[in-house]
Amino acid sequence: MKQYFQIALVLMCTSLFGQKRELDSLISELKVSQEDTTRVLLLLKIGFRYYQTSPDSLIKYTHQAMELAEELNYKKGMANGYNNLGTLAYSQSNFEEARRHYHTFLELSEELGDLEGMNRALNNIGIVNKLLGNYSQSLEYYQWSLQVKEQIGDLSGRGGTLNNMGLVYHELGDYKKALECYIESIQIKEELGDREAFATTYSNIGSIHKETGDYKLAMEYYKRSLEIDSSYNKTIRVATLYQNIGEVHFEMGQYDSAMNFYEASLETSKNHGSRILEANLKIDIGRLHLQRRAYELALNNFETARHIYTEIGHRIGVSQSQLYIGQVYKGLESYGYAIAMGQRSLELSKELKVKKEISQAAQLLYESYQGIGDYEKAFEYSLLHKAYRDSINQDTHAKEIAMYENRFEMERISAENKMLASQNELNQAELEKSRLQIQRQNLLIYGGTIMFLLSLGTMYIGYRYYKSRKRSIELLKRKNREITLQSKILAEQADELIRVNEEIQSINESLEAEVKKRTNKIQAQNEKLKEYAFSNAHHVRAPLARILGITAQLKSSDPLNEEQRKQLNASILSSAEELDQVIRKVSEILKPED
């Protein structure tokens, strides 16, 4: 069974989801709070914390808040209390109860002039009416919601509401209007840079392609959506995408692959309690067994689905499950049961004004009456089936869908290329916004206009590339001049270093020569000192010793005769002369060289 993605309920305050410590902090504040409006808001916040974990606690704290708000005549607190109760009923698939609470929330918000509250209530009522099969009412509330969003400037919310409106048109078989809503929703999400939200609309566009028989494109969009949802850990949406991909395999006759994806969807969603998804999977698995003529297995799955749909008030689901149960009985040739189920499905489908289900129920009745030989009734329902089938085919406008889709695809590719080329998110956002506005104004213009716009886009990109390249070249030239100047400075510094190095080398060489010269001089002086010492020890000593000996004789008490005196004087003179020669020689030795 087809499964789409709607933008979730507009909750009382998205920041209410937090960790346990935040809940503990709120409870601590509650203990010291006064009996005033602040306490009402705290009770509502605490109650909403239990939205998915403890429904009883949500009811307990919300009722306490509403009782205090009534005592204080605090109508905004009362309004938000009804929103809490409506959200709880919605999460439990009690759609009628949820709708009642949301209507009260809307009435109080409107009375207070609270546009934000009205915005939340209108969107939520639209969602619940769609689930109940009240499509005209759903569209009415969505349109009202768009008007309020325009007043408060809620662009993101507008994108979500357009997606939800597309789902309603989708259910009604008006694929052209559905695709228009989806494309406008995508344009808003691109303008806001909300990549996560792309997944929702990608999946819904994929469902249109699946139903028009373009399974390749359907699979492509489902996989795009799956990639985004997996990266954001969106478990229920991943499970739903597995189901949708399984349906594509089913339509292509690949039943084993279809069952694998159905089982993957069940496994992924088993701990999240989505009763609608469970019922839809039962329908899909039942269809697969019906195709294989495993009628008992098919019937069990269809009956389970009908039971769930009836409990949660999902009327379109009830109609479809009755139709499939009738098909099982037709396959078993139990035409009476088949006709009974077909009549129920047809009556409910007419009430809901869903063309596809009317056409299918009429076909079941036509084939069943033919089976029992009632050709008059068979002919009657055959005409009804053909009329609605032709109406669906006419509303599909396959060529227009292809045109819309091609424009959307070109838009997406162009946006991605420009983001990569410009690296300027602000300019890209402005460019994208302008381009999207141009495309919205020219959706029905002939192909020549498309080529003209693409040419303009190409020229613009070329111009941007030229300007960017020119700036890059100028930058490179400036950098080159700077590098050349730096190189010149470095070369001059290198020459200076070489000159200084040569000077230092010359000084070192001079110092080495001077040291060598002085070393040689010292060595020469040392040699002279050695020679002096040798002469002093040997040559000077001899005449000096003789003179000392003669001096000793002169000091003797023995008188000397004249001859002896002459000899001594001659000896003294000779020794003195010899000593003088030795001293002169020593003096020559010690005489410094020039």
Legend entry - Accessible area (Å², 1.4 Å probe, nearest 10) - Phe379: 120
Legend entry - Rounded FRET efficiency, nearest 0.05, which uses the C-beta distance separating Lys377 from Lys75 and R0 of 51 Å: 0.30
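Determine the gain in length on full extension of the stretch Leu497-Asn526; use 0.36 nm per residue of separation and subtract their C-alpha separation, reporting nm with one decimal.
6.2 nm
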Inset, instruction - Express in Å², to the nearest 10, the accessible area of Lys566 obtained by rolling a 1.4 Å probe over the protein heavy atoms while all chains stay in place. - result: 120
Inset, instruction - Arrange the peptides 159-170, 518-529, 181-192 so that the one whose residues have, on average, the most other Cβ atoms within 10 Å appears first. - result: 159-170, 181-192, 518-529
Legend entry - Radius of gyration and maximum dimension Dmax of the range 247-404, Cα, Å: 16.5, 51
Legend entry - Charged-residue dipole, Cβ positions (Lys, Arg, Asp, Glu), the range 263-351 about Cα centre, Debye nearest 20: 140
Inset, instruction - For the range 324-394, just say rounded, prolate or oblate: build the C-alpha gyration tensor, square-root its eigenvalues into a ≥ b ≥ c, call rounded for a/c under 1.5, and beyond that prolate if a/b exceeds b/c, oblate if not. - result: oblate
Inset, instruction - May I ask you to list the GluC sites (Glu not before Pro) in the range 293-391 that are in a DSSP loop and have at most 14 other Cβ atoms within 10 Å of their Cβ? - result: Glu333
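If you take the square roots of the eigenvalues of the alpha-carbon gyration tensor of the range 116-189 and sort them as a ≥ b ≥ c, do you get rounded (a/c under 1.5), prolate (a/b over b/c) or oblate?
Oblate shape, in that a/c is at least 1.5 and b/c is the bigger or equal ratio.
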Inset, instruction - Report the FRET efficiency, 1/(1 + (r/R0)^6), for Glu311 and Gln34, where r is their Cβ-Cβ distance and R0 is 45 Å, rounded to 0.05. - result: 0.55
Inset, instruction - In nm, give the distance between the simple-model label positions of Arg541 and Lys270, each being 7 Å from the Cα along the Cα-to-Cβ direction. - result: 12.3
Legend entry - Asn300/Glu96 FRET efficiency (R0 30 Å; Cβ-Cβ; nearest 0.05): 0.65
Inset, instruction - With unit charges on the beta carbon (Lys/Arg positive, Asp/Glu negative), name the residue among Tyr295, Gly253, Ile276 whose Cα is farthest towards the positive pole of the charge dipole of the range 229-306. - result: Ile276
Legend entry - Added length on full extension, which subtracts the Cα-Cα distance from 0.36 nm per residue, Asn480 to Lys516: 7.7 nm
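The values are calculated or read from the model by the stated rules, or taken from the named source; none is laboratory data. Predicted, not measured: the structure shown is a model, and the values here were computed from it. FYI the Cβ positions are ideal-geometry reconstructions off the backbone, even for glycines, and counts take in every protein chain you see. We work out accessible area using only protein heavy atoms, side chains counted, and drop any ligands, DNA or RNA first. Shrake-Rupley method; radii C 1.70, N 1.55, O 1.52, S 1.80 Å.
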